[in-house]
Amino acid sequence: MPLHINNRFSTELPADTDTTNTTRQVHQACFSYVAPRIPSNPSWIHYSPEVGALIGLTEEELQSEEYLNYLSGKTILNGTQPYAMAYAGHQFGNWAGQLGDGRAIILTEVIHNNQQYTLQLKGAGSTPYSRRADGLAVLRSSIREHLCSEAMHYLGVPTTRSLSLILTGDEVLRDMLYDGHPALEKGAVVCRVAPSFIRFGSFELFASRNDIPNLKRLTDYTIQHHFPQIKGSGKEQYITFFQTVAQTTLEMILHWQRVGFVHGVMNTDNMSIHGITIDYGPYGWLDDFNLNWTPNTTDREHGRYRYGSQPEIALWNLYQLANALYPLIDEAAPLEAVLNQYKVDYDKLYNAMMRSKLGLLTPIEEDVVLIEELIQTLQFEEIDMTLFFRNLSKINQKTSIEEALATIEGAFYNSPRLINETNQLWADWMATYLLRLQKETTSNDDRIIQMNAVNPKYVLRNYMAQLAIDTANQGDYSVLTELYKVLQNPYSEQVENEKWFDKRPDWARNKVGCSMLSCSS
């Protein structure tokens with residue numbers, strides 16, 4: 001069955017009138033038509049049957065040469081005309097002006113089961129927004145994008161999906177750490193799938209240029225097609241739109257904090273208006289619980305996008321979206337009310353999320369103190385976040401302090417006995433936690449089930465992705481395939497995959513790709 005093409009974005013919104021593919025400033029347009037770069041010898045690495053089914057493709061169709069060529073950019077389907085989106089943004093807190101899809105090209109929009117999806121190739125060549133870059137992607141970054149998109153989905157984190165991962169047959173020159181040592185790497189392309197790729201920066205572009213007619217046109221389009229539940233008209237509709245985006249953004253950030261995910265580059269052009277995670281670059285999962293950790297080498301000095309700052313950075317980005325929407329509303333008070341409510345809601349929902357991770361299903365006032373003390377205690381030594389919370393479910397009201405400490409001991413990186421200096425701190429916290437469990441009215445079995453439903457056993461640690469990359473570079477995709485299957489069931493025990501439920505190995509502590517990642521990663 002062919003894809004049901006429905007190109008609303010490129011049909012209803014203004015296109016760039018200049019059709020040359022040259023780097024330039026693009027005005028009064030939401031996108032520029034551009035053809036993908038034709039790869040020399042595309043070949044399959046991996047694909048997702050589940051994502052294929054979302055857009056109406058059978059596995060047989062997805063495996064065909066027709067879709068290999070289409071999803072690599074080699075051919076263009078009838079009825080489609082690829083394009084790159086225009087947007088602006090703040091990068092690392094500074095206004096960067098026009099940015100746009102520098103290495104992403106939208107193939108088309110499709111409808112299946114009354115749902116709209118946008119198909120976008122990442123790494124398919126240059127666009128008018130590529131600036132000085134080539135618009136291509138390498139195998140390592142493409143593997144990270146493909147695996148992470150799907151891992152996040154199965155963790156229950158709102159995200160773009162990844163339909164396919166294809167080797168282009170071409171080599172790409174990259175300086176991975178920007179240290180003056182470029183090297184040729186295998187080229188690859190990923191097909192990303194989302195309701196749309198409209199982002200905060202899409203609105204910032206028009207607002208920054210005082211192009212109010214197109215700002216209104218984009219906002220009206222977005223509400224009509226992606227937020228049909230918003231009724232009414234005029235400024236009230238725009239306020240409700242902003243309120244909805246703020247709420248879904250908050251929910252996404254809570255999920256990031258819950259599973260220990262660090263995005264690494266939360267620029268406003270990397271923030272989706274759908275409240276889904278987009279643009280997987282120098283991301284990472286916390287190995288040891290460290291509020292100050294960022295996987296991005298570019299951000300190491302200032303730590304703007306560190307794990308502990310993600311909630312406030314999301315709020316900062318929402319302020320920029322509010323500024324962009326202000327010309328349509330002409331009132332600051334309702335926008336400020338939404339932003340203030342974000343702060344109130346986040347604190348409340350964060351504590352609820354942490355209660356669920358701790359198995360405190362009957363909330364009491366003292367829980368806030370218990371949570372705060374845990375966050376402080378977790379930072380005294382290197383403690384693996386995933387192992388700690390997953391193993392905590394093995395503790396119950398009748399567990400002794402000594403047994404409880406032994407249960408979490410495997411999460412510590414540096415000592416088999418909880419580090420002498422902090423042992424008393426952990427003994428004190430554990431004693432309080434055990435007393436708190438005695439106040440639970442939920443059965444122990446139900447508590448374990450609910451804790452294990454929010455505390456994953458398997459996450460895509462950077463060293464795991466690097467192992468998949470290292471073997472894939474040798475033409476062996478078995479580790480990639482294995483990880484893909486494991487990460488489809490991150491909350492299940494999967495005894496046969498226990499080797500992936502372990503701390504980061506010592507060899508990965510300072511290895512490039514495991515602890516040090518750049519925006520080209």
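The values are calculated or read from the model by the stated rules, or taken from the named source; none is laboratory data. Source: prediction; values computed, not measured. In this analysis, Cβ positions are derived from the backbone assuming ideal geometry, glycine residues included, and neighbour counts consider all displayed protein chains. Surface areas here come from the heavy atoms of the whole protein model, side chains and all, with no ligands, DNA or RNA. Shrake-Rupley method; radii C 1.70, N 1.55, O 1.52, S 1.80 Å.
Details
- Of the set (1) in contact (Cβ under 8 Å) with a residue 12 or more places away in the chain; (2) surrounded by fewer than 20 Cβ atoms within 10 Å (Cβ to Cβ), all apply to His274 but (2).
- Residues that are over 18 Å from Asp345 (Cβ atoms) and either in contact with a strand residue (DSSP E or B) (Cβ under 8 Å, 6 or more places away or on another chain) or not in a helix (DSSP H, G or I) (or both) within the range 300-329 comprise Arg300, Glu301, His302, Gly303, Arg304, Tyr305, Arg306, Tyr307, Gln320, listed in sequence order.
- Among (1) over 19 Å from His255 (Cα atoms); (2) open to solvent by less than 40 Å² (accessible area, probe 1.4 Å) - the single one Asn351 does not satisfy: (1)
- Reported count of residues in the range 357-380, each being within 26 Å of Ser443 (Cβ to Cβ) and either among the hydrophobic types (A, V, I, L, M, F, W, C) or crowded, with 16+ Cβ neighbours inside 10 Å (or both), is 12.
- Taking the conditions (1) open to solvent by less than 30 Å² (accessible area, probe 1.4 Å); (2) touching a Pro at 6+ places or on another chain (Cβ under 8 Å) in turn, Asn21 satisfies each one other than (1).
- Hey, Glu365 assigned to a loop (DSSP other than H, G, I, E, B), in contact with a helix residue (DSSP H, G or I) (Cβ under 9 Å, 6 or more places away or on another chain) and at negative phi or not: no
- If you filter the range 450-490 down to residues that are loosely packed, with under 13 Cβ neighbours inside 10 Å and over 23 Å from the mean Cα position of the chain (by Cα), you find that the one that is nearest to Gln397 (Cα to Cα) is Ser478.
- Checked against (1) touching a Ser or Thr at 6+ places or on another chain (Cβ under 9 Å); (2) free of Cβ contacts under 8 Å to residues at least 24 places away in the same chain, Ser233 passes all but condition (1).
- Odd one out for Arg174 among (1) modelled with pLDDT under 95; (2) surrounded by fewer than 19 Cβ atoms within 10 Å (Cβ to Cβ): (2)
- Applying a threshold of 6 Å to beta carbon distances and a minimum spacing of six or more residues, or different chains, the list of pairs starting in the range 64-90 at a residue that is closer than 18 Å to Ile5 by Cβ and ending at one that is hydroxyl-bearing (Ser, Thr, Tyr) and in a loop (DSSP other than H, G, I, E, B) reads Asn69/Thr75.
- Residue within the range 384-399 that is open to solvent by less than 50 Å² (accessible area, probe 1.4 Å), closer than 28 Å to Ser492 by Cβ, more than 27 Å from the chain's Cα centre (by Cα) and hydrophobic (A, V, I, L, M, F, W, C) present: yes
To keep it simple, each residue is scored yes or no on (1) over 16 Å from the mean Cα position of the chain (by Cα); (2) modelled with pLDDT under 95; (3) buried (at least 21 other Cβ atoms within 10 Å of the Cβ); (4) not polar (S, T, N, Q).
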site: Phe261; (1), (2), (3), (4): no, no, yes, yes
site: Asp269; (1), (2), (3), (4): no, no, yes, yes
site: Leu291; (1), (2), (3), (4): yes, no, no, yes
site: Pro295; (1), (2), (3), (4): no, yes, yes, yes
site: Arg300; (1), (2), (3), (4): yes, yes, no, yes
site: Ile329; (1), (2), (3), (4): yes, no, no, yes
site: Val344; (1), (2), (3), (4): yes, no, no, yes
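- Considered as a group, the residues in the range 403-442 that are modelled with pLDDT under 90 and open to solvent by 60 Å² or more (accessible area, probe 1.4 Å) include one that is nearest to Asp288 (Cα to Cα), and that residue is Asn414.
- Residue match in the range 138-152 (condition: in contact with a strand residue (DSSP E or B) (Cβ under 9 Å, 6 or more places away or on another chain), modelled with pLDDT of 95 or more and over 18 Å from Ala468 (Cβ atoms)): no
Condition check ((1) hydroxyl-bearing (Ser, Thr, Tyr); (2) surrounded by fewer than 23 Cβ atoms within 10 Å (Cβ to Cβ); (3) within 30 Å of Ser64 (Cβ to Cβ)) across all residues:
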{"residue": "Ile143", "(1), (2), (3)": "no, no, yes"}
{"residue": "Ala151", "(1), (2), (3)": "no, no, yes"}
{"residue": "Thr168", "(1), (2), (3)": "yes, no, yes"}
{"residue": "His181", "(1), (2), (3)": "no, yes, no"}
{"residue": "Leu205", "(1), (2), (3)": "no, no, no"}
{"residue": "Pro213", "(1), (2), (3)": "no, yes, no"}
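- Across the range 236-248, a minimum of one residue is classified as under 30 Å from Phe388 (Cβ atoms) and either open to solvent by less than 50 Å² (accessible area, probe 1.4 Å) or charged (D, E, K, R) (or both).
- Number of residues in the range 57-78 that are surrounded by fewer than 17 Cβ atoms within 10 Å (Cβ to Cβ), more than 23 Å from Gly102 (Cα to Cα) and not charged (D, E, K, R) equals 4.
- Every residue from the range 79-131 that is farther than 19 Å from Gly281 by Cα, open to solvent by 40 Å² or more (accessible area, probe 1.4 Å) and among the small types (Gly, Ala, Ser): Gly79
- Failed item in (1) in contact (Cβ under 8 Å) with a residue 24 or more places away in the chain; (2) part of a helix (DSSP H, G or I), with Glu381 passing the rest: (2)
- Note on the range 101-176: enclosed strands (runs of 3 or more DSSP E) holding 3 or more residues that are touching a Leu at 6+ places or on another chain (Cβ under 6 Å) are 104-112, 161-174.
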